[in-house]
1. Take the residues in segment 54-97 that are among the basic types (Lys, Arg) and under 17 Å from Thr37 (Cα atoms), then tell me which one is farthest from the chain's Cα centre (by Cα).
2. Step by step: first the residues of segment 57-69, then only those that are out of contact with any helix residue (DSSP H, G or I) (no Cβ under 8 Å at 6 or more places or on another chain) and surrounded by 11 or more Cβ atoms within 10 Å (Cβ to Cβ), then the one that is farthest from Arg96 (Cα to Cα). Which residue is that?
3. Among the residues of segment 79-87, are any surrounded by 11 or more Cβ atoms within 10 Å (Cβ to Cβ) and at pLDDT below 90?
4. Name the residue that is nearest to Tyr63 (Cα to Cα), counting only residues in segment 1-39 that are of a type in the set (Gly, Ala, Ser) and in contact (Cβ under 8 Å) with a residue 60 or more places away in the chain.
5. Would you point out the residue of segment 1-47, among those that are of a type in the set (Ser, Thr, Tyr) and either more than 11 Å from the chain's Cα centre (by Cα) or surrounded by 13 or more Cβ atoms within 10 Å (Cβ to Cβ) (or both), that is farthest from Glu72 (Cα to Cα)?
Amino acid sequence: MVHPDWPGLYFIGLLNLNGAANQAYERQAPWIVAVETGEALLPTREEMVAAIRRKTKWVKRYYPGTARHTIEEEPIRYFRELRISLRAARARAQSRGKKASLARARGWIRALLAPTI
């Protein structure tokens, strides 16, 4: 969801599930909110690159020779990966003494959802 060189730019739903896509959006959104509010911290660039390499190897092993499958995800596996990565991101934030400002988070969400008229 996050490019190692562009933290803050999120690719929501840029995957191919063999199930309802809205399930992915609903699980990705809290992950992004946690990062944006400071409740969770992204891994280092090097850690992100290593994770991408591991995932690329896995995709090549299970979906050989097909470009379409570079964004293929098995829902159960992917949702588990999201849970694990969010848990790790929250632990990183806590270990560095970071805490989300709930007032700021609520304000950010309120501003995002406010009518534009």
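The values are calculated or read from the model by the stated rules, or taken from the named source; none is laboratory data. None of these values were measured; they are calculated from a predicted model. Here Cβ is always computed from backbone atoms with ideal geometry, including for glycine, and neighbour counts include all displayed protein chains.
1. In the first step, residues of segment 54-97 are kept if they are among the basic types (Lys, Arg); the result is 54-55, 57, 60-61, 68, 77, 80, 83, 87, 90, 92, 96.
Cutting the leftovers down to under 17 Å from Thr37 (Cα atoms) gives us 87, 90, 92, 96.
Working: Arg87: 12, Arg90: 13, Arg92: 15, Arg96: 20 Å.
Residue satisfying both the conditions and the ranking: Arg96.
2. Lys60
3. no
4. Here is the first cut: in segment 1-39, the ones of a type in the set (Gly, Ala, Ser) are 8, 13, 19-21, 24, 29, 34, 38.
After this cut, where a residue has to be in contact (Cβ under 8 Å) with a residue 60 or more places away in the chain as well, the list is 34, 38.
Values: Ala34: 32, Gly38: 36 Å.
So the residue we want is Ala34.
5. The first filter runs over segment 1-47 and keeps only residues of a type in the set (Ser, Thr, Tyr), leaving 10, 25, 37, 44.
Next, from what is left, pick out any that are either more than 11 Å from the chain's Cα centre (by Cα) or surrounded by 13 or more Cβ atoms within 10 Å (Cβ to Cβ) (or both): 10, 37, 44.
Numbers: Tyr10: 18, Thr37: 29, Thr44: 25 Å.
For segment 1-47, the residue satisfying everything is Thr37.
Table: residues versus (1) within 30 Å of Gly97 (Cα to Cα); (2) in contact with a Lys or Arg (Cβ under 9 Å, 6 or more places away or on another chain); (3) polar (S, T, N, Q); (4) not in a helix (DSSP H, G or I).
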site: Pro4; (1), (2), (3), (4): yes, yes, no, yes
site: Tyr25; (1), (2), (3), (4): yes, no, no, no
site: Phe79; (1), (2), (3), (4): yes, yes, no, no
site: Ile84; (1), (2), (3), (4): yes, no, no, no
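A quick yes/no check of all residues on (1) of a type in the set (Ser, Thr, Tyr); (2) at pLDDT 90 or above:
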| residue | (1), (2) |
| --- | --- |
| Leu41 | no, yes |
| Val49 | no, yes |
| Arg54 | no, yes |
| Val59 | no, no |
| Tyr62 | yes, no |
| His69 | no, no |
| Glu73 | no, no |
| Arg77 | no, no |
